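Structure first, commentary second.
No lab work stands behind these numbers, since they all come straight from the coordinates. Model, not experiment: these values are computed from the prediction. Neighbour counts run over all protein chains shown; Cβ positions are idealised from the backbone, glycine included.
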Amino acid sequence: GCSLDCTFCSTGKRGFNRNLTAAEIIGQVWVARKAFMPFEPGPDRPITNVVMMGMGEPLLNFDNVVDAMNLMMEDLAYGISKRRVTVSTSGVVPALDRLGGGT
């Protein structure tokens with residue numbers, strides 16, 4: 001759920017329960033990666049793009065989202081390019097400022 005209750009989104013109508021941990025966010029990437037693995041021997045299909053969105057405002061879970069994004073971009077983890085990890089937000093301005101500052 002989501003605490004913002006934007007008029008254009010049905011997720012907020014469900015109410016808010018809790019934020020995902022960084023581990024739970026990374027777990028979703030892991031599940032997606034497993035789903036893309038070929039059934040037969042052949043080249044892997046790595047995760048190349050991630051969009052942080054849906055079922056809640058990512059920037060209201062700032063620390064966990066940033067920790068997860070940093071792990072996704074870590075060369076020894078998923079190695080996803082900084083240009084290919086996107087945050088979709090309804091516009092939480094203080095958090096946007098923090099994100100733009102790299103903190």
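How much net charge surrounds Leu71 when only the other residues with a Cβ under 14 Å from the Cβ of Leu71 are counted, with Lys and Arg +1 and Asp and Glu -1?
-3
Just the projected area, averaged over all directions, of the convex hull on the alpha carbon atoms of the chain: how many nm²?
Details: hull surface 30.7 nm².
One quarter of the hull surface, i.e. the mean projection, equals 7.7 nm².
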Loop-located trypsin sites (Lys or Arg not before Pro) in the chain, at most 13 other Cβ atoms within 10 Å (DSSP) = Arg18
Charge sum, other residues only, whose C-beta stays under 13 Å from Asn19's C-beta, Lys/Arg counted +1 and Asp/Glu -1 = -3
Charge tally in the Cβ shell below 15 Å around Gly1, where Lys, Arg are +1 and Asp, Glu are -1, Gly1 excluded | 0
